[in-house]
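Please read the structure below before turning to the comments.
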Amino acid sequence: MSPSDPCPHYIEFQHVYKTFDKPVLADVSFYVNPGETVAIIGRSGVGKSVTLSHIMGFLRPDAGRVIVAYEDITDMSEPELRGIRRKVTMVFQSGALFDSLTVAENVLFSLELRQDYNAQNKEDVVNGLLGMVDIAHARDAYPADLSTGYKRAVAIARALAAQPQCVLYDEPTTMVDPIMSGHLGDLMLRLKRQLQLTSVVVTHDLDLMYKVADRVVFLYEGSVIYHGPVAELDKADHPHIREFLEMDRVV
């Protein structure tokens with residue numbers, strides 16, 4: 001496929017390589033279809049977050065092509081990438097909330113540039129999103145008053161305020177208790193079903209993967225060793241996958 005040809009997949013990596021001090025991504029190829037959720041899993045340091053950074057255009061590959069929102073973004077300028085980022089948004093592991101703003105004000109921030117919304121429209125959208133992610137009761141709280149899990153829920157609401165086509169989640173259940181982890185997984189699944197969002201989830205949490213993902217990309221030493229349906233992962237015969245799954249069962 002040449003860079004000018006249309007891509008049938010919403011996101012696609014085509015033989016992507018990236019090296020810093022050492023190779024981080026090595027001939028990585030996978031795709032994400034519209035409306036589906038793909039989980040990227042593997043141990044720390046295998047290139048999961050680097051993959052998300054390529055989807056957002058924060059990093060460029062040393063070789064290969066990156067397709068996002070059906071467009072080849074590999075050589076896009078920053079102004080062109082801003083158009084892509086209106087379609088694809090990211091929920092950072094830290095939440096990246098503004099400490100000086102309330103929960104409602106953090107969500108409202110994504111709406112401030114919308115010229116087609118008046119003040120009442122914006123207020124209605126904020127209230128609706130906070131209700132959707134089950135944190136309406138915390139609208140006047142500040143991030144410092146919230147648990148890690150609730151901060152992630154606020155970050156999801158703020159991401160949705162931009163009305164994206166696709167959401168990238170970076171370790172959404174890391175450092176949250178099992179109850180909140182289950183709640184976040186339920187929320188992500190509900191959003192997928194209600195909004196038909198395309199999603200990519202980087203996670204160590206296999207319970208979350210099994211709950212929300214349609215397909216899995218398993219990275220090992222910067223390469224894809226499995227790309228297929230969640231239901232087939234248990235049948236994979238790669239020794240590292242077997243070890244990874246067995247260790248999770250033990251834990």
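Any read-out appearing in this document is the output of simple, stated calculations on the displayed coordinates, not a laboratory observation. Note that the structure is predicted; figures quoted are calculated from it, not measured. Cβ placement follows ideal geometry from the backbone for every residue including glycine, while neighbour counts extend to all protein chains displayed.
For the chain, with a Gaussian network of springs between Cα atoms less than 10 Å apart, report the residue from ARG60, ARG43, ARG85 with the top mean-square fluctuation. Checking each option, the largest mean-square fluctuation is seen for ARG43. Computed extension gain for GLU232 through PHE20, at 0.36 nm per residue and net of the alpha carbon distance, reaches 73.0 nm.
Taking label positions 7 Å along the Cα-Cβ direction at both TYR210 and ALA96, the computed distance is 3.2 nm, reported to one decimal.
Relative to the globular-protein estimate of 2.2 N^0.38 Å, the Cα radius of gyration of the chain stands at 1.02.
Between SER223 and HIS9, the simple label model (points 7 Å from Cα in the Cβ direction) yields a spacing of 1.8 nm.
Taking every DSSP helix (H) stretch of at least 4 residues in the chain, weighting each as -39,500 (n - 2.57) and dividing the sum by the residue count yields a mean residue ellipticity at 222 nm of -11000 deg cm²/dmol.
Quick one: helix 148-161 against the long Cα principal axis of the chain, what's the angle to the nearest 10°, folded into 0 to 90? Approximately 80 degrees, to the nearest ten.
Of interest is the spacing of the C-alpha centroids, which for the range 189-251 and the range 67-81 amounts to 27 Å. Each peptide in 124-134, 19-29 receives the mean, over its residues, of other Cβ atoms within 10 Å, and ordering these scores from highest gives 124-134, 19-29.
Taking the Cα centre of the range 97-163 as origin, sum charge times position over the Cβ atoms of Lys and Arg (+1) and Asp and Glu (-1), and report the length of that vector in debye to the nearest 20.
200 debye
Here LYS18 is the anchor, and the aspartates and glutamates within straight C-alpha reach of less than 16 Å, apart from those fewer than 8 places off in the same chain, are ASP27, ASP62, ASP75, GLU221.
Between their Cα atoms, which of LYS48/LYS192; LYS151/LYS235; LYS87/LYS122; LYS192/LYS235; LYS48/LYS235; LYS87/LYS235 are more than 31 Å away from each other? Show your work: numbers first, answer last.
On the way: LYS48/LYS192 21 Å; LYS151/LYS235 36 Å; LYS87/LYS122 19 Å; LYS192/LYS235 26 Å; LYS48/LYS235 22 Å; LYS87/LYS235 35 Å.
Listed pairs above 31 Å: LYS151/LYS235; LYS87/LYS235.
Legend: calculated FRET efficiency, ARG60 to GLU112, from the Cβ-Cβ distance at R0 = 25 Å, rounded to 0.05, equals 0.25.
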